[in-house]
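Report on the structure given below.
The values are calculated or read from the model by the stated rules, or taken from the named source; none is laboratory data. The shown structure was predicted, so the numbers you read here are calculated from the model rather than taken from an experiment. Note: ideal-geometry Cβ built from the backbone for every residue, glycine included; neighbour counts use all protein chains shown. Protein only, heavy atoms only, side chains kept; ligands, DNA and RNA dropped before computing areas. Shrake-Rupley method; radii C 1.70, N 1.55, O 1.52, S 1.80 Å.
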Amino acid sequence: MADRLPSSRVPAYPKQRGPLDIDVAVIGGGLTDAWPLTPSRRLALTSFFSSRAGWVAAATGSSLGFISEEPGVSFADVEQGMGLRVARHAFSAWRRAALDFSALLRRLDVKCDLAACDAMAIATTPEQSMRLKREVKARRDAGLEAPLVTAHAVQADLAIASDGALREKGAALIDPYRACLGIAAAAAGRGAKIFERSPVRRTKFNRKSAMVVTEGGTLRTRFVIVATGAPTELFASLARHFWYRTNYLVLADRIPLKTRRLLGRRATILRDFAQPAHIARWVDDEQLMISGADQESPRSGIGKRRSFNALDS
Ligand SMILES: Cc1cc2nc3c(=O)[nH]c(=O)nc-3n(C[C@H](O)[C@H](O)[C@H](O)COP(=O)(O)OP(=O)(O)OC[C@H]3O[C@@H](n4cnc5c(N)ncnc54)[C@H](O)[C@@H]3O)c2cc1C
């Protein structure tokens, strides 16, 4: 997604230099980092460090831009692993976060092609079909909605043969890169200090304050929010608590109109019940973007040579 915005339209922020006293420092440069910068949090002064490679590289610039009301894991699996209460809580918290995020983008009038869309999780193999049935039962037993779509309706909508689907409500699509830039610009307009090309080298904490040491200066602050996407070498000791996965994202060439007509409605996001799942969306009504085929990534070198992101390729 990052490649789709001309660099002339990407705002430039200064490098951080010298000492600075602030209330909150946010380390990172992606969507997670941009969110706490919004004025609803009433931060008097906030600093924001973008990627060492450039503005919002990493996962945000290469993500699907799917705002989902669901965490992307099966309710049945979460319930089995962590119990009904936790599963219910996780799903309702995720739903609230998705709604809040869309509301925030609207409130700030961030130009990021925010659009409500339909989403369906389809089952295309007997194994996926069993997962679909298990999921529907688990959700209904827990008193949650689990609207089913018949195979016939999936065929009519998406031109895909399946055993049926679970419909997801309240989904939306955005351009995540522009969303991130827009939120950061809104925060800058309200007084947040934003720096880029200012990698944080070290953090030091005492009882009352923290010191964030960047390549060109220091920040004394009361709170530090770490949103680097992964522990990186800054917090290497945390690395053992993470699972690392490589996730693939493919943006297809423009698909000719004649072929597009055979491919069903373009306002629907599609997932399947494969493990790991594939997710497909349309971009500009002409290109398909597909993610999936996640694989475990090796852990070697974490915290030593390179910073890890969810997106390794
Ligand atoms: C293929 C793919 C598709 C995805 N699709 C979706 C989706 O559809 N919907 C969804 O909600 N999520 C999706 N995600 C997850 C998505 O990436 C996250 O929701 C979000 O973009 C992550 O943002 P982030 O700010 O946490 O991390 P990142 O975007 O990775 O940003 C971390 C930033 O921290 C910076 N940084 C690291 N170390 C330092 C340091 N020492 N000093 C200063 N800065 C530093 C990095 O350079 C980077 O800019 C997807 C992820 C992948 C990989």
Selected residue (criterion: most open to solvent (accessible area, probe 1.4 Å)) from residues of the stretch 148-167 that are assigned to a strand (DSSP E or B) and in contact with an Asp or Glu (Cβ under 8 Å, 6 or more places away or on another chain): Arg167
Would you confirm whether any residue within the stretch 271-281 is part of a strand (DSSP E or B), of a type outside the set (Val, Ile, Thr), in contact with a Cys (Cβ under 9 Å, 6 or more places away or on another chain) and surrounded by 15 or more Cβ atoms within 10 Å (Cβ to Cβ)? yes
Do we have any residue at all in the stretch 168-184 that's in contact (Cβ under 8 Å) with a residue 24 or more places away in the chain, open to solvent by 20 Å² or more (accessible area, probe 1.4 Å), under 19 Å from Gly61 (Cβ atoms) and part of a strand (DSSP E or B)? yes
Identify all residues within the stretch 198-210 that are within 12 Å of the ligand (Cβ to nearest atom) and either open to solvent by 100 Å² or more (accessible area, probe 1.4 Å) or of a type in the set (Val, Ile, Thr) (or both); write none if there are none. Val200, Arg201, Arg202, Thr203
Applying the selection to the stretch 239-265, what residues are within 13 Å of the ligand (Cβ to nearest atom), surrounded by fewer than 16 Cβ atoms within 10 Å (Cβ to Cβ) and under 24 Å from Arg201 (Cα atoms)? Phe242
Can you tell me which condition Thr221 does not meet? The list is (1) surrounded by 12 or more Cβ atoms within 10 Å (Cβ to Cβ); (2) within 26 Å of the chain's Cα centre (by Cα); (3) more than 11 Å from the ligand (Cβ to nearest atom); (4) of a type outside the set (A, V, I, L, M), and all the others hold. (2)
